[in-house]
Number of protein chains: 2
Amino acid sequence: MDTVEKLLDATERRIRQNGYHAVSFRDLADELGIKSASVHYHFRRKEDLGKAVVERYSKRFFEALDNAPDPLAAYCDVFEHALKRDEAICLCGVLGAETRGIPDDVAAEVKRFFEDNLAWLTNHLGDIGNAAMALSSLEGGMMIAQSLDDYSIFDRVRAELLSKAAQ
Amino acid sequence: MDTVEKLLDATERRIRQNGYHAVSFRDLADELGIKSASVHYHFRRKEDLGKAVVERYSKRFFEALDNAPDPLAAYCDVFEHALKRDEAICLCGVLGAETRGIPDDVAAEVKRFFEDNLAWLTNHLGDIGNAAMALSSLEGGMMIAQSLDDYSIFDRVRAELLSKAAQ
DNA sequence: ACCTGTCTATCTATCAGTAGATAGACAAGA
DNA sequence: TCTTGTCTATCTACTGATAGATAGACAGGT
């Protein structure tokens, strides 16, 4: 795996666990066994790195939704994997909470992620109210599950969403 | 108003807008027209300040819920005021997203806030599934509304919650 | 086969700025 | 006189960022 990919991995993990401001070039460099100047070679400014991470995250997110037989269940699955497999919350959930404290172009990319999510959900669920509810509750449920260090609130949100949709 | 109260106000606003790591003793001191050493006099460590802010926020939050005739509507109102009047998201929503990157005792206070919320909601709504849904969707809706710079997703979440409850 | 130039990826060294934190002096008021 | 709150001055550690150098790979022309 090349250095750029390793940097994106490390940055995504660190932002999702600690927030944008808790990521430093030196920590990233130490993790990869290189110097911080070499990180700057690949991503001149921190916001370039941040933007690239969000772009990759968003791309992978929607790829995972392609060709799903049951859209809402698939959508919940993507969030559940993000939470339980990666042991971290949604990248854009973290960055959205910091919106005003991060560079404008990173915030713009996060905004786009949410717009795309709402569009996808509205398209597949047929109703923008249900779309708003699904996105909001899954994002909120992840964040609270992390704070409580207990996934059960997320599981309850998922169950409620799927049962209400079945009505 | 005394210095401590002013410090709590400024810190709460700054955390809610930019996150825990974007608050510095110097910025707080500049805002109040004092020196950073004086901030340390009132709150020796940053985590003392952070903990005090969460405690005050939580106390005020539940006071605003006292004696509400319609619990769910009152609950939504508290969140809506926080979002629209303060033009910021929930303090604990921001800190919850940063959980692993903030001092343990601040994270513990945030965790307690969410536990108390779930207990209050379960008590007043009668069902823990509905409680999980209300808390998660309102927290998530605030965060996404901030990122989109558009309150309508929050309004939709509120409307969905109240209409589903009426069924 | 041998230069020549260019590119990639890293290095060392350093910058100005800021972080949280502390010691000790000072002034006002009870 | 003692407490309270502020100050000046300083510390160590770290931040993102840049300059300049270097080793090695690669391609083109001779």
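Just name the residue that is farthest from the other protein chains (Cβ to nearest Cβ) out of those in the stretch B:144-156 that are under 13 Å from A:Glu115 (Cα atoms) and among the hydrophobic types (A, V, I, L, M, F, W, C).
It comes out as B:Ala145.
State yes or no: is A:Tyr41 away from DNA strand D (no atom under 16 Å from the Cβ) and either part of a helix (DSSP H, G or I) or within 19 Å of A:Ala119 (Cα to Cα) (or both)?
On the way: away from DNA strand D (no atom under 16 Å from the Cβ): no; either part of a helix (DSSP H, G or I) or within 19 Å of A:Ala119 (Cα to Cα) (or both): yes.
The answer is no for A:Tyr41.
Which of the helices (runs of 4 or more DSSP H) found entirely inside the stretch B:50-167 contain at least 3 residues meeting this: open to solvent by less than 20 Å² (accessible area, probe 1.4 Å) and in contact with an Asp or Glu (Cβ under 6 Å, 6 or more places away or on another chain)?
Where helices (runs of 4 or more DSSP H) fall fully within the stretch B:50-167 and carry at least 3 residues being open to solvent by less than 20 Å² (accessible area, probe 1.4 Å) and in contact with an Asp or Glu (Cβ under 6 Å, 6 or more places away or on another chain), they are B:128-148.
With the structure loaded, tell me whether A:Thr99 is more than 26 Å from B:Ala88 (Cβ to Cβ) and within 13 Å of another protein chain (Cβ to nearest Cβ) or whether it fails that test.
The answer is no for A:Thr99.
Scan the stretch A:88-106 and tell me whether some residue there is within 21 Å of A:Arg13 (Cβ to Cβ) and among the charged types (D, E, K, R). Give the steps one after another, and end with the answer.
So in the stretch A:88-106, the residues within 21 Å of A:Arg13 (Cβ to Cβ) come out as A:88-99, A:101-103, A:106.
Add one more test, that the residue is among the charged types (D, E, K, R), and what stays is A:98.
Within the stretch A:88-106, one or more residues are within 21 Å of A:Arg13 (Cβ to Cβ) and among the charged types (D, E, K, R).
Of the residues that make up the stretch A:128-142, is at least one farther than 18 Å from B:Glu160 by Cβ and in contact (Cβ under 8 Å) with a residue 12 or more places away in the chain? Steps first, answer last, please.
Step one: list which residues in the stretch A:128-142 are farther than 18 Å from B:Glu160 by Cβ, which gives A:142.
In the following step, the residues that additionally are in contact (Cβ under 8 Å) with a residue 12 or more places away in the chain were identified as A:142.
Yes, there is a match, as at least one residue in the stretch A:128-142 is farther than 18 Å from B:Glu160 by Cβ and in contact (Cβ under 8 Å) with a residue 12 or more places away in the chain.
Rundown of residues vs (1) away from DNA strand C (no atom under 15 Å from the Cβ); (2) at positive phi; (3) in contact with a Phe, Trp or Tyr (Cβ under 7 Å, 6 or more places away or on another chain); (4) away from chain A (no Cβ under 13 Å), yes/no style:
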| position | (1), (2), (3), (4) |
| --- | --- |
| B:Arg14 | no, no, no, no |
| B:Glu31 | no, no, no, yes |
| B:Arg44 | no, no, no, yes |
| B:Leu49 | no, no, yes, yes |
| B:Glu55 | yes, no, no, yes |
| B:Glu63 | yes, no, no, yes |
| B:Cys92 | yes, no, yes, no |
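Can you find a residue that is part of a helix (DSSP H, G or I) and in contact (Cβ under 8 Å) with a residue 60 or more places away in the chain anywhere in the stretch B:4-14? Before you say what the answer is, go through the steps one by one.
To start, the set of residues in the stretch B:4-14 that are part of a helix (DSSP H, G or I) comprises B:4-14.
When the remaining residues are screened for being in contact (Cβ under 8 Å) with a residue 60 or more places away in the chain, the result is B:12-13.
Checked against the condition, which is being part of a helix (DSSP H, G or I) and in contact (Cβ under 8 Å) with a residue 60 or more places away in the chain, the stretch B:4-14 yields at least one hit.
Any residue at all in the stretch B:17-30 that is out of contact with any strand residue (DSSP E or B) (no Cβ under 9 Å at 6 or more places or on another chain) and away from DNA strand D (no atom under 16 Å from the Cβ)?
yes
Considering (1) under 20 Å from B:Leu138 (Cβ atoms); (2) out of contact with any Leu (no Cβ under 8 Å at 6 or more places or on another chain), say which one A:Asp116 fails and leave the rest.
Among (1) under 20 Å from B:Leu138 (Cβ atoms); (2) out of contact with any Leu (no Cβ under 8 Å at 6 or more places or on another chain), the lone unmet condition for A:Asp116 is (1).
The values are calculated or read from the model by the stated rules, or taken from the named source; none is laboratory data. Everything quoted here is computed from the prediction, not taken from an experiment. Don't worry about glycine lacking a Cβ; one is built from the backbone with ideal geometry, like all the others, and counts go over all protein chains shown. Accessible surface areas use protein heavy atoms only, side chains included; no ligands, DNA or RNA. Shrake-Rupley method; radii C 1.70, N 1.55, O 1.52, S 1.80 Å.
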